[in-house]
Amino acid sequence: MRIIDCVQGTDAWRKARLGIPTASQFHRIITATGKPSAQAEAYLYELAAEYILQEPCNSVKTEWMARGTFIEEEARRYYELQRDVNVEQVGFVTTDDGLIGCSPDGLIGDDGGVEIKVPSAARHIAYLLSSPADDYKFQVQGSLYVTGRAWWDIVSYNPAMPSTIVRCERDEGFIKLLDKRMQEFTERLTDCIVKLKDMGINQVKEEIDEELEALFPD
């Protein structure tokens, strides 16, 4: 596991993630049964484009995402008090080879991690009556896969209602399938990027950037 020191949501964090498959998008690579996802091809091309262009392909921020960011610190303090732990905030975490990553909401001690969700009231009620574990299986098991940790807590937080904390252990069977799919995916992604470089696409991009900088200097 490698930890890249940056603040989530900043330009440095976005740059660290460019061209790297991340746990929040693993559902686009693998299905619940371990088969390749129908979305894998499109995701591969998005990541290749990010790497070549050195800019995110999808940076849309919804109203609920903005709300979640605003309340997340309050939710983190709630979790620390409920579990009597200290949450280590980190920027971006990758596997040792740097090819696969995740952005944990926090790491706990040497063995755990936490994912904090601030969903809509209706979704939060659904989680109170059932569990958020199924909705975030790919992200949580993906984070466990990247970090090598033993467990991950999911917090569904709403300041107007009771909140819930669900602990997820490693699903070794699924993680084994995930590892297989991720190795296949990253090999294809690397091959795709090499072919694009051989075509001179990244060089064309650099030349255009230089021309724009000459036309519109700071």
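The values are calculated or read from the model by the stated rules, or taken from the named source; none is laboratory data. Every value quoted in this text rests on a predicted model; they were computed, and no experiment measured them. With ideal geometry, Cβ positions are generated from the backbone for all residues, glycine too; neighbour counts draw on all protein chains shown. With ligands, DNA and RNA removed, areas are computed over all heavy atoms of the protein, side chains included. Shrake-Rupley method; radii C 1.70, N 1.55, O 1.52, S 1.80 Å.
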Exercise for the section: Give me a count of the residues in region 26-62 that are open to solvent by 30 Å² or more (accessible area, probe 1.4 Å), modelled with pLDDT of 95 or more and of a type in the set (Gly, Ala, Ser). Expected result: 2
Fill in the blank from the handout: Of (1) open to solvent by less than 20 Å² (accessible area, probe 1.4 Å); (2) without any contact (Cβ under 8 Å) to a residue 40 or more places away in the chain, Trp152 fails just (2)
Problem - Search result, residues across region 118-149 that are among the hydroxyl-bearing types (Ser, Thr, Tyr) and surrounded by 14 or more Cβ atoms within 10 Å (Cβ to Cβ) - result: Tyr127, Ser131, Tyr136, Ser143, Tyr145, Thr147
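Residues in region 198-206: is at least one modelled with pLDDT of 95 or more, surrounded by 12 or more Cβ atoms within 10 Å (Cβ to Cβ) and under 28 Å from Ala38 (Cβ atoms)?
Looking through region 198-206, none of the residues is modelled with pLDDT of 95 or more, surrounded by 12 or more Cβ atoms within 10 Å (Cβ to Cβ) and under 28 Å from Ala38 (Cβ atoms).
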Completion exercise
Being assigned to a helix (DSSP H, G or I), under 18 Å from Arg17 (Cα atoms) and among the β-branched types (Val, Ile, Thr) narrows Val146, Val90 down to just Val146
Fill in the blank from the handout: Those residues of region 163-196 that are within 17 Å of Ile20 (Cα to Cα), open to solvent by less than 30 Å² (accessible area, probe 1.4 Å) and of a type outside the set (Phe, Trp, Tyr) come to a total of 6
Practice task
Can you confirm whether region 63-73 contains a residue that is in contact with a strand residue (DSSP E or B) (Cβ under 6 Å, 6 or more places away or on another chain), at pLDDT below 95, open to solvent by less than 80 Å² (accessible area, probe 1.4 Å) and among the charged types (D, E, K, R)?
Solution key: yes
